[in-house]
Each structure stands twice: as C-alpha cells, then as structure tokens.
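Input: a single structure, listed below in structure tokens.
The values are calculated or read from the model by the stated rules, or taken from the named source; none is laboratory data. Remember, predicted model here, so these are calculated numbers, not experimental data. All Cβ positions, even for glycine, are placed from backbone atoms using ideal geometry, and neighbour counts span all protein chains on display.
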Amino acid sequence: MLNVLIVDDEPLALDVLETYISQMPDLRLIQRCTNALEANDALKNHQIDLMFLDIQMPQLTGIDFVKTLTKPPMIVFTTAYPNYAIQGFDLNALDYMLKPISLERFMKAVNKALEQAELLQRENNTAASDGMDFFFVKADKKLVKVNFEDIIYIEGLKDYVIIRLHQGRVITLQTMKSLEDKLPFGRFKRIHRSYIVAMDKITAIEGNMVEVLEKDKPKLLPIGKNYRDELLVLIEKNRL
C-alpha cells in the first residue's frame with residue numbers, strides 16, 4: 001500500500017486524481033493540496049510514498065518545489081505543458097503525465113510506482129540480511145533452516161510453496177510473494193507466477209524455458225511473458 005499526496009491548484013484536476021486513486025486498492029490518499037506550501041506541511045506530517053505534483057502553480061512551481069526537498073517521495077509530475085518533461089526527469093521523476101489524464105495513463109504511472117516500491121523494499125530486505133546466507137520457514141510443525149546455496153528453484157502450489165533443494169524439498173504454507181521478499185535481490189529471480197529460480201542454478205535458457213539440474217537431471221521451468229524481459233536483462237549482464 002502506497003500513501004499518496006496529490007498537489008494541484010485546479011479543483012477539477014484534484015477531483016480526477018482522487019477518483020482514480022479511490023479505484024486503486026494499492027493506493028491510500030493521505031491529503032490533497034492546492035499549493036507547494038500545503039504539500040510541504042503534508043510531507044512533514046505524514047509518511048508519503050508517492051506524490052502526484054502539478055508543475056504550473058502559484059508562488060512556487062512543482063519543479064522548484066521538488067528542488068527544495070532533501071528526501072522527496074516518488075514523484076509523478078502532472079501538467080498541461082509537454083515542454084517541462086526534460087526538467088522533470090532531470091529531477092529523477094518517476095513519470096510525467098500530460099493533462100487531461102486518462103485512467104489508463106494513470107494506471108501505467110501507478111504500476112511504475114508499485115514496481116519501484118517493491119524494488120526498494122527488496123533492496124532494503126537484502127541490506128538488512130547482509131551476512132546471513134539462510135532463512136527459516138515453518139514446515140512439518142517446526143522451523144526448518146534453508147540455506148540459500150541449497151535452493152535450486154521454488155514452486156508455487158495454491159497456498160503452499162515447494163522449495164526444491166539439492167537434498168530433498170521443503171513444503172511451507174505461505175505465498176510466493178512473501179517468500180520472494182525474503183530472498184536476496186539479484187540472486188533469485190521470479191520467472192513465472194509459479195516459479196522462482198536461483199540464478200546460479202540455471203544451466204541453459206532455450207525459448208521460453210529455463211533449464212536447471214534437479215537430482216542431476218535436466219528440469220525445464222517455464223518463463224512467463226510478464227517476467228521474460230527482466231530475466232533477460234539479468235542474463236545479459238553475465239553474457240560474454
């Protein structure tokens with residue numbers, strides 16, 4: 001869930017964004033502001049993850065306002081003028097939306113924000129677990145230690161996940177997402193809604209399949225179309 005702030009001097013623009021936000025289960029509107037001063041107070045008093053910020057506003061423009069922030073949240077600029085795009089992205093804005101904003105365009109920006117938030121969360125989890133090469137999961141009425149280096153791949157099965165190891169397997173009651181968040185970023189990769197693979201256990205990639213060795217025999221895992229591009233980016237970094 002992302003805490004959201006919307007800043008715009010036009011009531012209609014605020015209404016449109018508030019309506020869109022109310023339809024997004026992953027967003028929580030914290031406050032709507034009509035100028036940068038109100039927004040500045042809101043940022044001081046609330047934990048804001050994402051700010052939809054108009055550029056052309058009285059007293060202080062959205063771009064100048066962002067320049068005053070030492071730790072800005074994720075920023076999506078909203079404006080009727082396309083000529084500010086370069087300035088917006090120079091400030092590391094997540095996105096830049098031109099008015100009038102359609103629901104489709106709004107959802108695209110939200111999905112970017114959710115992906116960025118997830119990435120940051122996983123990086124934070126990795127930093128917090130530096131030096132730890134294992135984790136514990138509940139299985140067979142006890143906590144079972146799982147070493148990262150022993151994992152070949154993880155398979156989702158309804159409400160359970162099966163952790164496939166060099167020596168056997170561990171079955172635990174939890175979601176793929178919750179387990180994925182515990183894994184070191186970059187060392188493991190979600191390749192399908194039902195599969196997470198240890199990157200160093202991949203022996204080959206052919207078409208839409210990943211090959212690993214399970215009990216010294218080749219095992220093919222499918223690559224989902226929504227995960228293929230990110231997997232190939234990681235592969236390319238280690239390609240000669």
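Within the stretch 204-224, the set of residues being β-branched (V, I, T) and within 11 Å of I152 (Cα to Cα) comprises just one member, V212. Taken together, the residues in the stretch 40-61 that are surrounded by 14 or more Cβ atoms within 10 Å (Cβ to Cβ) and more than 25 Å from the chain's Cα centre (by Cα) amount to 6. Can you pull out the residues in the stretch 1-28 that are of a type in the set (A, V, I, L, M, F, W, C), under 13 Å from D54 (Cα atoms) and surrounded by fewer than 19 Cβ atoms within 10 Å (Cβ to Cβ)? Hits for the stretch 1-28 are L12, L14.
If I ask for residues that are surrounded by fewer than 14 Cβ atoms within 10 Å (Cβ to Cβ) and either farther than 19 Å from K141 by Cα or among the aliphatic types (A, V, I, L, M) (or both), which ones from the stretch 158-177 would you list? Scanning the stretch 158-177 gives K158, Q167, L173, K177.
Across the stretch 111-130, the number of residues qualifying as of a type in the set (G, A, S), farther than 20 Å from Q174 by Cβ and at pLDDT below 90 comes to 2.
If the condition is being within 20 Å of K145 (Cα to Cα) and in contact with a Gly (Cβ under 9 Å, 6 or more places away or on another chain), then the stretch 158-201 contributes I162, T175, M176, L179, I196. Among the residues making up the stretch 44-53, those that are touching a strand residue (DSSP E or B) at 6+ places or on another chain (Cβ under 8 Å) and more than 15 Å from D64 (Cβ to Cβ) are H46, Q47, I48, D49, L50, F52. Each residue in the stretch 131-155 was checked for being in contact with a helix residue (DSSP H, G or I) (Cβ under 8 Å, 6 or more places away or on another chain) and modelled with pLDDT of 95 or more, and 4 pass. Note on the stretch 62-79: residues that are β-branched (V, I, T) and touching a strand residue (DSSP E or B) at 6+ places or on another chain (Cβ under 7 Å) amount to 5.
Could you grab me the full set of residues in the stretch 161-211 that are within 18 Å of F134 (Cα to Cα), of a type in the set (D, E, K, R) and touching a residue at least 12 places away in the same chain (Cβ under 8 Å)? If the condition is that a residue be within 18 Å of F134 (Cα to Cα), of a type in the set (D, E, K, R) and touching a residue at least 12 places away in the same chain (Cβ under 8 Å), then R164, E180, D181, K182, R187, K189, D200, K201 are the ones that fit. Taking the criterion of being among the polar types (S, T, N, Q) and in a helix (DSSP H, G or I), the only residue of the stretch 93-114 that qualifies is N111.
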